[in-house]
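A short write-up of the structure that comes next.
Computed from the coordinates by the stated procedures, all read-outs in this text should not be read as laboratory data. Fair warning: this is a prediction, and the values are worked out from it, not measured in the lab. Glycine gets a Cβ as well: all are built from the backbone with ideal geometry, and neighbour counts include every protein chain shown.
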Amino acid sequence: MPAGTLLYAQSGGVTAVINATASAVIQSARARKVRVLAARNGILGALREELIDTTPLTAAQVRALAHTPGGAFGSCRLKLKSLAGDRAKYERLLAVFKAHDVRWFLYNGGNDSADTALKVSQLAAEFGYPLTCIGVPKTIDNDLAMTDCCPGFGSAAKYTAVSVRECALDVAAMADTSTKVFVYEAMGRHAGWLAAAAGLAGAGKDDAPHLILFPERPFDEAGFLARVDAVVKRVGHCVVVASEGIRSADGRFVADAGGGKDSFGHTQLGGVASYLAGRVKDALGHKVHWALPDYLQRSARHIASQVDLEHALAVGRAAVQCALAGQNAVMPVIVRDADAPYRWHVDIAPLERVANHEKTMPKGFIRKDGYGITAAARRYLQPLIEGEAFPPFGRNGLPDYVQVDQAVLRRTLPAWQG
Ligand code: F6P
């Protein structure tokens with residue numbers, strides 16, 4: 001058995017398949033006889049020395065993680081500042097790592113987490129502590145640099161496309177005497193990838209969604225309302241998909257839920273659909289329904305994409321391989337070899353090229369009029385939602401999800417006073 005422990009932590013917004021990555025990490029490490037600890041609630045658990053030993057998990061439990069949404073070990077939003085600015089926290093992390101003989105640190109998150117993993121690796125080097133830090137990609141926002149796509153996105157994209165297609169049938173049936181406009185709000189903060197995925201719901205000129213609003217384009221309310229009205233007149237109803245992150249020309253979020261910020265400094269979004277629905281009703285007089293799927297889109301494991309699941313498993317396996325091979329400060333990434341039939345492989349990218357970068361939709365993916373996706377976007381998005389990775393269902397009609405005991409190991413260091 002190689003000396004040392006592997007520490008795995010989940011970070012930021014969880015996804016339908018982040019636990020599949022955890023499952024692959026644990027299985028791959030077990031195959032190499034490496035003990036895996038998981039930090040409870042991400043980096044916070046590492047700071048607090050709240051570490052869960054995964055050794056007692058049965059093989060069946062570890063396998064079941066691969067079809068269980070949420071974050072089995074808990075996640076957190078905690079952004080560490082620069083090495084100088086948050087020195088005490090980084091030193092505490094190293095102290096905890098030393099106390100538990102952690103030689104490999106796998107941080108499963110987005111671009112902020114890649115930054116944290118990079119800084120931890122830099123401090124370890126400064127202290128001469130032998131530690132290999134790996135970033136493991138995930139985010140439904142699909143905004144990580146250096147990877148063709150992010151595990152978690154494909155499943156959220158599939159949920160979005162499926163839901164918009166289904167709702168569109170509902171509205172079409174009701175439109176003559178009742179609802180004429182339906183507004184669906186997609187997550188994605190500054191990047192319109194999920195809103196774009198809704199475009200897969202239909203391909204014909206008058207298929208829903210009729211209008212997509214991207215954060216990459218300034219929101220023009222008068223132009224939007226005129227288009228909604230025109231679609232209602234032509235088609236009989238109108239399905240709108242709005243990204244939570246759309247902004248007006250002066251840069252302000254259309255939906256800024258109370259102006260609160262998380263510890264990453266991100267504004268909490270959510271509410272754009274209700275705002276737009278109100279404007280459509282007041283300005284045009286159409287009956288409107290709207291939906292804020294919110295966490296539903298992030299956790300919809302019941303309709304996960306098979307391709308996404310395979311990506312999530314592959315980055316988990318690759319992360320363990322990189323770690324044990326001593327490839328420090330890297331992230332396994334997905335590389336696309338072909339669109340159709342879809343082919344891909346895993347490669348390795350330096351963390352410094354992932355940390356803090358945000359990949360928005362390329363210009364060529366948004367239609368010239370700004371309200372829909374192009375053929376190039378379709379070619380990119382289509383393979384990511386393919387295949388259905390259904391979880392097993394129990395006799396009660398519900399998915400059979402596993403719950404991990406979050407009991408932590410006995411602390412060996414003084415309590416963290418952070
Ligand atoms: O993880 C990304 C994301 O899902 C964003 O699309 C969304 O705005 C945000 O997380 C919500 O974060 P939280 O769950 O911390 O409020």
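Key figures for this structure:
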item	result
Relative contact order %, the chain, counting alpha carbon pairs below 8 Å whose residues are six or more apart	22
Directionally averaged shadow of the stretch 153-300, computed from the convex hull of its alpha-carbon atoms, nm²	8.6
Residue of S75, S163, S243 that the Gaussian network model of the chain assigns the largest fluctuation, springs spanning Cα pairs under 10 Å	S163
Charge dipole magnitude, Cβ of K and R +1, D and E -1 - the stretch 193-257, Cα centre, debye nearest 20	200
Overall dimensions of the stretch 114-239 as given by Cα atoms, namely Rg and Dmax in Å	20.6, 72
Proximal lysines relative to K287, as straight alpha-carbon distance under 26 Å, when same-chain residues fewer than 8 apart are discounted	K180, K205, K233
Overall Cα dimensions of the stretch 362-413 - principal axes, largest extent first, Å	58, 44, 18
Cα-based shape type of the stretch 1-127, given that a ≥ b ≥ c are square roots of the gyration tensor eigenvalues and the cut on a/c is 1.5	oblate
Cβ-placed point charges (K, R +1; D, E -1), dipole of the stretch 153-300 about Cα centre in debye, nearest 20	120
Proximal aspartates and glutamates relative to K281, as straight alpha-carbon distance under 20 Å, when same-chain residues fewer than 8 apart are discounted	D170, D176, E185, D220, E221, D229, E244
Cα-based helix-to-principal-axis angle, 221-235 vs the chain, degrees rounded to 10	60
Rg ratio (alpha-carbon, reference 2.2 N^0.38 Å) - the chain	1.02
Per-peptide average of other Cβ atoms within 10 Å, ordering 227-239, 169-181, 112-124 highest first	112-124, 227-239, 169-181
Helix 306-324 axis, angle to the chain major axis (alpha carbon atoms, nearest 10°)	20
Residues whose placed amide H lies under 5 Å from that of I373, excluding near-sequence neighbours	R367
With Cα atoms, 0 to 90° folded angle of helix 18-31 axis to the chain main axis	30
Selection from T177, W290, G278 lying farthest towards where the dipole of the stretch 153-300 points positive, charges on Cβ	T177
Ellipticity estimate at 222 nm from DSSP helix runs (n ≥ 4, -39,500 (n - 2.57)) divided over the chain, nearest 500	-10500 deg cm²/dmol
Burial order of peptide ranges 269-275, 208-214, 319-325, 16-22 (average beta-carbon count within 10 Å, highest first)	16-22, 208-214, 319-325, 269-275
Given 16 as the ceiling on other Cβ atoms within 10 Å, longest exposed-site-free region of the chain for GluC sites (Glu not before Pro) in DSSP loops	1-357
Cβ-placed point charges (K, R +1; D, E -1), dipole of the chain about Cα centre in debye, nearest 20	580
Gyration tensor over alpha-carbon atoms, the stretch 163-225, equivalent ellipsoid semi-axes in Å	22, 14, 10
